1. Solvent-accessible area per residue for the range 71-145 at a 1.4 Å probe radius, Å²?
2. If you stretched the chain out fully between A268 and N143, how much longer would it get, using 0.36 nm times the residue separation minus the C-alpha to C-alpha distance?
3. So what is the accessible area of the range 185-274 per residue, in Å², with the probe set to 1.4 Å?
4. So for the chain, what are the equivalent ellipsoid semi-axes in whole Å, largest first, each being the square root of 5 times an eigenvalue of the Cα gyration tensor?
5. Express in nm, to one decimal, how much length is gained between L102 and A3 on full extension, taking 0.36 nm for each residue of separation and deducting their alpha carbon distance.
6. Find how many whole Å separate the alpha carbon centroid of the range 132-164 from the alpha carbon centroid of the range 88-107.
7. With +1 on the Cβ of every Lys and Arg and -1 on the Cβ of every Asp and Glu, and nothing else charged, how large is the dipole of the chain about its Cα centre, in debye rounded to the nearest 20?
8. Of the heavy-atom accessible surface of the range 3-252 (probe 1.4 angstrom), what whole percent is carbon and sulfur?
Amino acid sequence: MDAARDFQRQGYLVLPGFASKADCEALKARALAWVDGFQPETVSIFSTHEQSRTSDDYFLGSGDKVRFFFEEDAFQPDGSLRQAKALSINKIGHALHDVDPLFDRFSRAPRLAELSGTLGLKRPVLLQSMYIFKQPHIGGEVNCHQDATFLYTEPSTCLGFWFALEDATLENGCLWALPGGHALGLKKRFVRAPGGGTTFHTLDATPLPEDGFVPLEAAQGTLVVLHGLLPHKSGANTSPKSRHAYSVHLVDAEAQYPADNWLQRDPAFPARGF
Ligand code: FE2
């Protein structure tokens, strides 16, 4: 297989067996340990006062930290959790790959450095990571998007490594991608709004297509490589099985990183390469 050619043609690669079962299980255990240590009461996102402002701050400050974000359907009307905390978190973001030694080592494996070079990055930096739980019964749908919307450089250099830490199937909300859709160009970017919070800047008002998506079912250990411009999405998880995944997003340090991008790092703790 010519990985670079296939990637340029279809905008993604599916590489089964890239990570070992032992690695996947170790990352899962580590993520659950982080969740175990997370005390939601300490985070002001639950105060109803200025909720959007404080949740914005919590989100906007997460670029170089380990922070926890709940599923939308995690709460009952009275504000209490429907399921146990460990079954209520939507994701951990956005710097496990820098803060946690195990995620650091996994994310900076030499094979990934090699792959990022093969796929065209000259000076790759690991800008962001997410641990995605896609919880049983309440795992939310992820609408169709392009990752470069959230990881924007000029020119676009975003590259995503998405690891199935558990089997991802049609039942528990696997990825869906639009083959060749990366040729459509970037539709919008997610920026810090001048008055605080965030907003989208439209770059091309033509909507992304709704048809033509294919499911990317992925057994545990599979690496799915995603072009930053590739339209993709995933369905809700209404099944009793979770669908844990870990993703790392890279950009090229040779490209410009605008100051109004939502994700900003503390200059004392910059994003690093391999
Ligand atoms: Fe994505």
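1. On the way: 3430 Å² over 75 residues.
Heavy-atom SASA per residue in the range 71-145 reads 46 Å².
2. Stretched out fully, the A268 to N143 stretch lengthens by 41.6 nm.
3. With the other protein chains kept in place, the range 185-274 gives 46 Å² per residue.
4. Output for the chain: semi-axes of 27, 22, 20 Å.
5. 32.9 nm
6. So the two Cα centres are separated by 15 Å.
7. Details: 26 positive and 32 negative charges, 86 e Å.
Here the size comes out at about 420 debye.
8. The computed percentage sits at 54.
The values are calculated or read from the model by the stated rules, or taken from the named source; none is laboratory data. Quantities reported herein were computed from a predicted structural model and do not represent experimental measurements. Neighbour counts are summed over all protein chains in view; Cβ atoms, including those assigned to glycine, are modelled from backbone coordinates with ideal geometry. The protein model used for the area step is the full one, side chains on, heavy atoms only, and it has no ligands, DNA or RNA in it. Shrake-Rupley method; radii C 1.70, N 1.55, O 1.52, S 1.80 Å.
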